[in-house]
Each structure stands twice: as C-alpha cells, then as structure tokens.
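Student: Supplied in structure tokens, the structure appears directly below.
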Amino acid sequence: MTYAIRAEGLVRRFGDTTALAGVDLAVPTGTVFGLLGPNGAGKTTTVRVLATLLTADEGHATVGGYDVRRDPHRVRQLIGLTGQYASVDETLTGTENLLLIGRLLGLGRAEARARAAELLTDFHLDDAAGRAAKTYSGGMRRRLDLAASLVGRPQVLFLDEPTTGLDPRSRNELWDIVRNLVADGVTVLLTTQYLEEADQLAGEIAVVDHGRVIAQGTPEELKAKTGGQVLAVRPVDPADVSTVVAVAGEVAGTVPEVAQSTVTVPVNDPGALPAVVRRLDDAGVAVAELALRGSSLDEVFLSLTGHRAEEDTPVNALERTPA
Amino acid sequence: MTAATATATAPLAPARRLGVVAGLRHTLTLAWRSLVQIKHNPMELLDLSIQPVMFVLLFTYVFGTAISGSPGEYLTFALPGIIVQNAFFATMTTGFGLNNDLTKGVFDRLRALPIARWAPLAGRILADTVKQAWSVSLLVSVGAILGFRLGNGLAGLLGAFALLLAFSLAAAWISVLVGVLVDEPDKVQIFGFMVIFPLTFTSNVFVPTDRMPGWLQNWVEINPVTILADALRGLLVGGPVAGPALQSVLWAVGIAAVFAPLAVRALRRRV
Ligand SMILES: Nc1ncnc2c1ncn2[C@@H]1O[C@H](COP(=O)(O)OP(=O)(O)O)[C@@H](O)[C@H]1O
Ligand SMILES: [Mg+2]
C-alpha cells in the first residue's frame, strides 16, 4: 500500500501550549482520512504542518513522498488546502478568485479562464461568478474556497472543518463533492468535530485529543473497540417491558436501559442475541423489534476521551449571513 | 458536479525550486489582484484621490493668504509637501491590505501555493506603488490647474517621483510591521492617523519652520518629512536639491535597514 500522507511523532508547541504532542498518521493514497476531535485538539495545527505552513518542533512528515520540511516547494505542487475559515479574497469576484490561483499556478490566460469557468459550473456558482465574493452566503463562500483549492488538480486535499457553520443542505452538497473527488482518485485528509461527518465520509478515522491520536481505525472498528454492540428489544405489548428487562439483564450481565418501551443493553458475547430470543420465546413475549447495532461514534468518543465531542458547537449551526 | 472537477493526473516529477523569473511573474499576478478590485469598487479610487485634493484646496484658499501672502505663492510652497504627506498616508495601504490577508486566511492560501515566498508581499507593494503614482499625478495636475508651475520640467518631476518611490518603499516596511502586529485591519488605519498626522504637521509641509515656536523648530528641522519636502521643493519648484535629496535617501536606507528585518521577523513569527 502507498501512503499519500505519513507523519511520525509530530510535536508542535506554541509557548506553553503543546498543540501537538506526538501525532502519527498514515493515510493510504486515494482514501478519505478523518481527523476527528474537539476544539483545540490539534487538528488545524496538524493540517498546517502537513500543508507546509508551519514547521513541527519534532518528528517528520511526508506528503506524496516528499518531506514537508526539506521539500516544501514540491509538496505545494501536489496539495490543495481549504482552511478552517473560507479564505477567498472578498473584494474579487468568484471568477477572479479562481483566475488568480490559476495564473499563480502557471496556467495561461485562456487556460486559467477555462478552468475557472469549469469549476464555477461544477460548484453551482455560475450565477454568482461575476459578483464580489463578499456578497456570497456562507455555503457559497465555502464552495468557492474549495474550488480555489482544486484549480491545480491536487493529488492530496486538506479540508479543515469544511462544513462547520454550514446549514444541512450545504453540508450535504459538500459531502457529495468530497465523494466525487475521491472517486477521481484524490486523497483527502478531512478534519471535523462532527462524528456523523467522519462516519459518512472517512474510510479511516483518527480520534485526536490534546494533541495526540487516542484511537484509530475504520468507523466500524472504532465502534467495535468500545462498548462492543448494543442489543435493542421492543416488545409488542408494553406490559412485557419488565420481563424483557429481566431477561436481557440476565443474559448481558448488566442493567438494561429503557426508553419508550425499547430495552437496550450493551453486549460483548455474540451468543447473546440467540439466547435472548430463545428465552423471550419461552416466556411467551411477542417481540416487535429486535436489533443488534454497533455503538454510535458519539458513544465511542465519550468512552475514549471522557467528554463529548460536540460540547458547544451545534451540528446544524445556521449558515452565516453575508457581511 | 462532474468528473472534470479534479482528476489526479499522473504528475510530472515536481520541481524542487523556483526561478526568479517565475517569482516576478507571481508578483505581477498578485499586483493585478490588488488593482483589479478598483474596477468593482471605483469608490476606492475616489478615496485615494479626495483627501489629497481636499488638502490642496483647503490649505491653498483658507490658509494661503495668511501664511504666504497669496494662494498662488502658498501653493508653490505647500504642494510638494502635500505630495509627501500623501505618500506617507499611502504607505499605510500596504499594511492594511496585508493585515486583511492575514486575518482572512488569504495569506495562508497563498503560502500553500507553489509560488515564490516573497511574491505576496512584493505584489502588494508593487500595486501600492501604482496607486502612489496615480495620486502624485493627480496632485500635480490639480496643482497645475490652480497655477502651480514645474520649475525643472519633466526631469524634475521624474526625479521627484523616483525619490518619493524610494522613500515609500522604505516606509512600507513600517506599514508591514504594523500590519503584522495588529489583529485587525482598522487598527492599521488608526495607527496611520495617530502617527502620520502629527508627524507630517510638525514639519515644514504647511507652515515655514521660522513661523513656529523655537522648541518646535528643533524637531521640525530634523523631521524626515521636512527633509523630503525640501528635496521635492527643489526638484519641482527650484532651489537646492543635492543636500536634502541625499539626506532623504539616507533616511530611506536607515528606515529600511531597521524596519525590514523587524517586519520580516514578525511576519515569520505570525504565520
Ligand atoms: N498560532 C498559535 N499560537 C498559540 N497557540 C496556538 C496557535 N495555534 C494553535 N494554538 C493552540 O494549539 C492548540 C491546538 O489548536 P488547533 O490545532 O487550532 O486545534 P483544533 O483545530 O483541533 O481546534 C490549542 O490549544 C490552540 O489554542
Ligand atoms: Mg481548527
């Protein structure tokens, strides 16, 4: 397997703050890798080191096989970066913003114009192409920002919290864009505070907290790693809930929870499901719903870090109104 | 969304370094970026023009007779200095734009591109030089309409512009330093007003030195604004040139020697 991004032992301090306390990453080429963590975890710092904007105090990293410290100019030719805050020139139009990047990347005038038009169409910004970016909505700015980082057809794309502050519709659009990019062979490193986002897009996730990777794996592996699975049973007759609680509790060995006559209990033993089915059958309880599901990433995060991932940033924060 | 958006084409081995010619091309592109916005926002051009023209008109007709005996004579005395004052204010544009780029994340976007490290700054300064040229031409034209006559013809005008440019390039480093140190663009402008107003008024731009109190005269005589204004009077109107011009150049070199390293270091530290 080839890795588009590798990082080993990245350490970065800002005065007394240790933003990165030894980050290791290996991102296979052509995949989406999610960096999941709360505010202040070190996500942006990691991206800035990998995108050659910041040098690490310790450790080293390669992007596309080139060392970010020794060969930054080469790395810059391979990457696209969409920072945490939409970084478009607000006084320029959508077209001019993309023309600027195209020309800086060495495209000829006509070529840069064609590329700008193509991207504006792809990102549904045709109608706004001739307007100054300061008149754009938050979602439009984000799309323009992303388009700007794609002008040079990067092999490796860094997306730092691409959907923070977007309404659900814009967020879904952005997710589709990312999926299309990966289908085209681009490697994406995506940071997010949203568990759902990492689950939706990333093939592999690293959970970061306090500048360290505290867990890593596919979304499924992470879910399996902590709490195993959850057995959920809902009897047809709500009067049977107490029987279900007794049976499930006995099989699982812990006290189940009850919510709206659905009984849930964490289980580790694969034999738990058939055992519960048999004993409920014996007791004559008719079951309306019976499921074994993985624990959600939310639960995973809580059990890994001891705190929730999304403390004060609502997922569906309203789209920023244009200034 | 079509597949055309991004195709990870098999890359040529990327180049290790950049040539100077490429860096100059990036500088031109970035200068274009700073100037093209005037097209959408013609108000900026007006902004650039109104204040200096207003100063010329107000001072000539309100104070001219009181200070020099007649508006015409006063214009001859004051116009070169007003050009200097305007150049000082204009250097603040560099720091303002840079701070805007830093706070809005545009600077990071540029730094992540495979372009010359110095191009973003150079592009900005080049664009501001063009704006500077515009204001000088405007001031000289307005002056000409009001009766200002060039004493040394075109050569004097070009010399004045070259000297002003050298000084502005040096002073731009002060602006860059401020732009890097403050956390929002408006603070660059506040700095500009707090420093440039007193600095340019305590010179001989508007009032001859011997009309001021003695303690102030000592400062006025060593104020670089006075020295540059004298040099411009020599070049545009007539009189001694070599002395004040040489001193102006020395000031420019001194300012650049102190502030360029400070500004570059502050910028390195901030990004
Ligand atoms: N330029 C900086 N100066 C000082 N502290 C910083 C700087 N950048 C980041 N930090 C600190 O480093 C830590 C990690 O920040 P960051 O990487 O931005 O986290 P995240 O992107 O996960 O929210 C935080 O404590 C933050 O305050
Ligand atoms: Mg961040």
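Student: Need one number: nm distance between label points at B:Val130 and A:Val11, each 7 Å from Cα along Cα→Cβ, rounded to one decimal.
Tutor: Going by the 7 Å Cα→Cβ label model, 4.8 nm.
Student: Sticking with this one: Work out from phi, with θ = phi - 60° and the Karplus expression 6.51 cos²θ - 1.76 cosθ + 1.60, the ³J(HN,Hα) of each residue of region A:100-114, listed in order in whole Hz, and give x for Gly and Pro.
Tutor: Karplus-based 3J(HN,Hα) across region A:100-114 equals 4, 5, x, 5, 5, 7, x, 6, x, 4, 5, 5, 5, 5, 5 Hz.
Student: Go through A:Arg109, A:Arg234 and list them by solvent-accessible area, largest first, probe radius 1.4 Å.
Tutor: A:Arg109, A:Arg234
Student: Can I ask one more? Kirkwood hydrodynamic radius (Cα pairs, Å) of region A:227-294?
Tutor: 11.5 Å
Student: Which lysines have a Cα lying under 18 Å from the Cα of B:Lys131, excluding residues fewer than 8 positions away in the same chain?
Tutor: Filter leaves B:Lys39.
Student: Next question. Setting aside same-chain residues fewer than 8 positions from B:Lys187, which lysines have a Cα under 18 Å from its Cα?
Tutor: Of all the lysines, those that pass the test against B:Lys187 - Cα under 18 Å, at least 8 places apart if same chain - are B:Lys104.
Student: Most mobile of B:Arg33, B:Arg111, B:Arg17 per a Gaussian network model of chain B (Cα springs, under 10 Å)?
Tutor: Judging by the Gaussian network model, the answer is B:Arg17.
Student: Give the separation of the Cα centroids, region A:31-51 to region A:260-289, in Å.
Tutor: Their Cα centres are 41 Å away from one another.
Student: Among DSSP beta bridges lying fully in the protein assembly as shown, give the percent that are antiparallel, nearest 5.
Tutor: Close to 65 percent.
Student: So what is the relative contact order for chain B, in percent, with contacts set as C-alpha pairs under 8 Å and at least six apart?
Tutor: Values: 305 pairs, mean separation 67.7, N = 271.
That works out to 25 percent.
Student: Now for a separate question. Kindly tabulate the residues in region A:159-193 with an accessible-area decrease of at least 30 Å² between the chain alone and the assembly of all protein chains, using a probe of 1.4 Å.
Tutor: A:Asn180, A:Asp184
Student: Summed for both chains, how many Å² of accessible area, to the nearest 100, are buried between B and A with a 1.4 Å probe? Please report the intermediate quantities before stating the final value.
Tutor: Working: alone 14520 and 15620 Å², together 26320 Å².
Result for this pair: about 3800 Å² buried.
Student: If you don't mind, there's one more thing I want to ask. Binning every alpha carbon pair distance of the protein assembly as shown at 10 Å from zero, what are the percents per bin?
Tutor: 3, 14, 20, 19, 14, 12, 8, 4, 2, 2, 1, 0
Student: With springs only between Cα atoms under 10 Å, which of A:Lys43, A:Lys223, A:Lys134 fluctuates most in a Gaussian network model of chain A?
Tutor: A:Lys134
Student: For B:Arg16 and A:Ala117, FRET efficiency with R0 = 41 Å and r from the beta-carbon atoms, rounded to 0.05?
Tutor: On the way: r = 32 Å, r/R0 = 0.79.
Working from the Cβ atoms, E equals 0.80.
Student: I'd like to check one number: the per residue accessible area of the protein assembly as shown, probe 1.4 Å, reported in Å² as a whole number.
Tutor: The answer is 44 Å² per residue.
Student: With a point put 7 Å past each Cα toward its Cβ, work out how far A:Glu257 is from A:Glu58 in nm, to one decimal.
Tutor: It is 3.9 nm.
Student: Which length gain, in nm to one decimal place, applies between B:Leu246 and B:Met194 when the Cα-Cα distance is subtracted from 0.36 nm times their residue separation?
Tutor: Difference between extended and current length: 15.9 nm.
Student: May I pose another question? I need to check one value: relative contact order of region A:227-294, counting alpha carbon pairs closer than 8 Å and at least 6 residues apart, in percent.
Tutor: Averaging sequence separation for qualifying contacts and normalising by length gives 50 percent for region A:227-294.
Student: First check a/c for chain B, with a ≥ b ≥ c the square roots of the eigenvalues of its C-alpha gyration tensor; if it is under 1.5, answer rounded, and if not, answer prolate when a/b is larger than b/c or oblate otherwise.
Tutor: prolate
Student: Also, I was wondering about something else. What's the carbon and sulfur percent of chain A's accessible surface, probe 1.4 angstrom, rounded to a whole number?
Tutor: Here carbon and sulfur together make up 50 percent of the probe-accessible area.
Student: Assuming R0 = 56 Å, can you tell me the calculated FRET efficiency for the pair A:Asp127 and B:Ala66, based on Cβ-Cβ distance, to the nearest 0.05?
Tutor: Once the sixth-power term is evaluated, E becomes 0.45.
Student: For A:Ile205, which sequence-distant residues (separation of 5 or more, or a different chain) have an amide H within less than 5 Å of its own amide H, given hydrogens modelled in the peptide plane?
Tutor: It is A:Gly34, A:Gly217, A:Thr218, by chain and number.
Student: In whole percent, what relative contact order does chain A give with Cα contacts below 8 Å and a gap of six or more residues?
Tutor: Relative contact order, chain A: 21 percent.
Student: Okay, moving on. Ordered by residue, what ³J(HN,Hα) values in Hz, to whole numbers, does region A:20-36 give under the Karplus form 6.51 cos²θ - 1.76 cosθ + 1.60, where θ = phi - 60° and Gly and Pro are x?
Tutor: My calculation for region A:20-36 gives 10, 10, x, 9, 10, 9, 9, 10, x, 4, x, 10, 9, 10, x, 10, 10 Hz in order.
Student: What Kirkwood hydrodynamic radius, in Å, does region A:1-122 give when the mean of 1/r is taken over all pairs of distinct Cα atoms and then inverted?
Tutor: Final number for the Kirkwood radius of region A:1-122 is 16.2 Å.
Student: Amide H to amide H under 5 Å from A:Arg212: which residues, 5+ apart in sequence or cross-chain, H placed 1.01 Å off N in plane?
Tutor: Those qualifying (amide H under 5 Å, at least 5 residues apart or on another chain) are A:Ala21.
Student: Sticking with this one: What fraction of the Cα pairs in region B:36-148, stated in percent, has a spacing above 23 angstrom?
Tutor: Tail of the P(r) past 23 Å holds 42 percent of the pairs.
Student: Accessible area drop of at least 40 Å² (1.4 Å probe, protein heavy atoms): which residues of region B:17-53 qualify, relative to the chain alone?
Tutor: Output list: B:Thr29, B:Trp32, B:Arg33, B:Gln37, B:His40.
Student: How do B:Met54, B:Met92, A:Met1 stack up against each other in accessible area, from largest to smallest, with a 1.4 angstrom probe?
Tutor: Largest accessible area first, the list is A:Met1, B:Met54, B:Met92.
Student: Got a number for carbon plus sulfur as a percent of region B:63-169's accessible area, 1.4 Å probe?
Tutor: Values: 2650 of 3740 Å².
Answer for region B:63-169 is 71 percent, counting heavy atoms of protein chains only.
The values are calculated or read from the model by the stated rules, or taken from the named source; none is laboratory data. For clarity, every value in this text was computed on a predicted model and none was experimentally measured. All Cβ positions, glycine included, derive from the backbone under ideal geometry; neighbour counts span all protein chains shown. Areas reflect the complete protein model, heavy atoms only, side chains present, ligands, DNA and RNA absent. Shrake-Rupley method; radii C 1.70, N 1.55, O 1.52, S 1.80 Å.
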